[in-house]
Amino acid sequence: MRKNIENITIVAWITSLVATLGSLYFSEIRLFEPCTLCWYQRILMYPLIIILAVGIIKKDASVALYSAVLSFIGFSLSAYHYAIQKVSFLAESAPSCGRIPCSGQYLNWFGFVTIPFLALTAFVIILICSLIVLRKAKGEKSA
């Protein structure tokens with residue numbers, strides 16, 4: 001794996017690590033109980049730390065395919081969750097999510113930054129990094 005590809009994969013790994021540690025901080029230290037959609041986002045984020053770390057250690061750019069798939073699904077789920085929080089007609093018609101409503105907002109920094117928004121941002125960064133790695137790795141094979 002070329003150094004440039006490795007660096008981009010490291011950025012994706014750091015992003016997944018920060019997102020995971022952030023979610024654990026909110027639930028274990030701040031004691032914010034995650035809703036059902038938050039749990040699904042965690043299920044998609046947490047394995048990315050291991051998948052990307054294995055790719056970096058083994059210098060295998062093909063892990064970007066797996067991280068792209070997981071981050072795309074996570075992005076879609078986070079976008080839906082964020083829409084439930086911020087679009088009034090979606091919040092009103094949102095199905096019950098369990099004990100904690102998915103439309104609830106523990107955070108609302110600057111009027112738009114919520115926990116699903118933070119997850120959405122992390123998934124977008126990882127997805128973009130993964131797509132760049134896939135493109136560069138494909139370019140190396142054809143060259």
Would you please list the contacts, defined by Cβ atoms under 7 Å and residues six or more apart or on different chains, that run from a residue in region 108-126 that is in contact (Cβ under 8 Å) with a residue 24 or more places away in the chain and more than 14 Å from Trp13 (Cα to Cα) to a residue that is surrounded by fewer than 17 Cβ atoms within 10 Å (Cβ to Cβ) and hydrophobic (A, V, I, L, M, F, W, C)?
Thr114/Leu107; Ile115/Leu107; Leu120/Ala79
Scan region 92-104 and tell me whether some residue there is modelled with pLDDT under 90 and part of a helix (DSSP H, G or I).
yes
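Which residue, of Ile73, Ile51, is touching a helix residue (DSSP H, G or I) at 6+ places or on another chain (Cβ under 8 Å) and either at pLDDT below 90 or more than 18 Å from Leu118 (Cβ to Cβ) (or both)? Outline the logic, then answer.
Numbers: Ile73 fails: either at pLDDT below 90 or more than 18 Å from Leu118 (Cβ to Cβ) (or both).
Result of the check over Ile73, Ile51: Ile51.
State the number of residues belonging to region 105-143 that are in a loop (DSSP other than H, G, I, E, B) and at pLDDT below 70. Before you say what the answer is, go through the steps one by one.
Step one: filter region 105-143 for residues in a loop (DSSP other than H, G, I, E, B), giving 105-108, 110-112, 114, 143.
With at pLDDT below 70 added as a condition, the list becomes 143.
Within region 105-143, residues that are in a loop (DSSP other than H, G, I, E, B) and at pLDDT below 70 number 1.
The values are calculated or read from the model by the stated rules, or taken from the named source; none is laboratory data. Nothing here was measured: the structure is a model prediction, and the numbers come from that model. Because the Cβ atoms are built from the backbone with ideal geometry, glycine has one as well, and the counts that use them run over all protein chains shown.
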